[in-house]
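Every number here is computed from the coordinates shown, using simple stated rules; none is lab data. Small disclaimer: the values here were computed from a predicted structure and weren't measured. Please note: Cβ atoms are built from the backbone with ideal geometry, for glycine as well, and neighbour counts cover all protein chains shown.
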Ligand SMILES: NC(=O)c1ccc[n+]([C@@H]2O[C@H](COP(=O)([O-])OP(=O)(O)OC[C@H]3O[C@@H](n4cnc5c(N)ncnc54)[C@H](OP(=O)(O)O)[C@@H]3O)[C@@H](O)[C@H]2O)c1
């Protein structure tokens with residue numbers, strides 16, 4: 001059995017490898033990277049490292065050779081049309097290499113979103129379906145990291161968390177939780193032809209966030225709705241589904257996801 005993972009030098013890829021190494025031996029894992037120099041630590045852990053560049057289809061056949069499971073981590077290119085072509089290269093190579101199962105880090109509840117990125121994710125899922133290869137769609141929620149642009153440190157300083165008015169609720173989870181769930185799918189035998197919505201099972205709200213900040217800082221933080229707030233993130237959040245939830249991730253990791261207070265700690269620098 002050989003589990004081949006693309007984007008292995010990336011943030012999510014690294015966390016998946018860390019989790020996977022707790023479940024299977026390193027000689028069962030192949031890390032595919034764009035830059036071999038950056039993968040020295042993987043080699044030191046006994047993981048085979050192969051070159052894989054989504055823009056260079058000639059690198060992909062050898063990268064995926066012998067894969068019983070291939071995990072495609074979605075490209076980080078900023079242009080969704082380019083990403084579509086990159087993913088198509090990977091999918092074609094997966095078919096040529098006769099991989100046993102193709103797993104893809106898609107996006108949670110994309111059907112009614114109005115951003116090009118969600119179309120990219122759905123198009124990639126459909127392209128995978130054209131191959132007839134057994135698939136697993138690992139639809140990741142928005143990372144909880146988005147809280148990093150909400151002004152949490154300023155909220156602690158001023159006692160006010162300024163937000164755009166609206167009925168907000170969030171199904172987000174951390175990369176670490178996603179990595180745990182994805183590693184479980186990679187290590188376990190089944191999960192063929194399944195789609196998992198890897199989100200929180202209960203949404204959190206801005207009230208929860210203000211409460212977490214109050215608890216962490218030891219002083220009251222109140223919410224203040226501000227219709228004039230200038231922050232690009234709200235335009236983005238309005239166009240995606242941040243509210244639908246699923247128990248898929250909790251089932252895969254065998255317990256609850258990381259609590260909000262713990263998840264936002266990396267973004268608090270003022271206490
Ligand atoms: N759910 C969310 O909230 C969210 C947020 C941001 C991104 N994403 C998506 O999730 C993916 C994983 O997230 P992440 O945090 O791990 O991002 P990341 O740290 O930027 O990792 C992206 C990985 O993709 C690799 N990559 C990019 N272009 C490539 C190419 N042409 N050929 C081969 N590999 C290529 C990168 O290689 P290098 O290491 O060589 O750069 C990197 O390893 C992202 O790529 C993006 O599609 C999701």
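The angle between the Cα long axis of helix 80-96 and the longest principal axis of the Cα atoms of the chain comes to about 30 degrees, rounded to the nearest 10. For the chain, the longest principal axis of the Cα atoms and the long axis of helix 116-131 meet at an angle of about 30 degrees.
Kirkwood hydrodynamic radius (Cα pairs, Å) of the chain? Write out the running numbers ahead of the final one.
Details: mean 1/r = 0.0510 Å⁻¹.
It works out to 19.6 Å.
What Kirkwood radius, in Å to one decimal, follows from the Cα pairs of the stretch 145-271?
For the stretch 145-271, inverting the mean 1/r across all distinct Cα pairs yields 15.9 Å.
Neighbour counting of Cβ atoms within 10 Å sorts the residues 89, 112, 119, fewest neighbours leading, into 112, 119, 89. Summed over qualifying helices (DSSP H, 4 residues or more, each -39500 (n - 2.57)) and divided by its residue number, the chain shows a 222 nm mean residue ellipticity of -11000 deg cm²/dmol. On full extension, the segment bounded by residue 126 and residue 195 gains 23.6 nm, given 0.36 nm per residue less the C-alpha separation. Relative to the globular-protein estimate of 2.2 N^0.38 Å, the Cα radius of gyration of the stretch 92-156 stands at 1.52.
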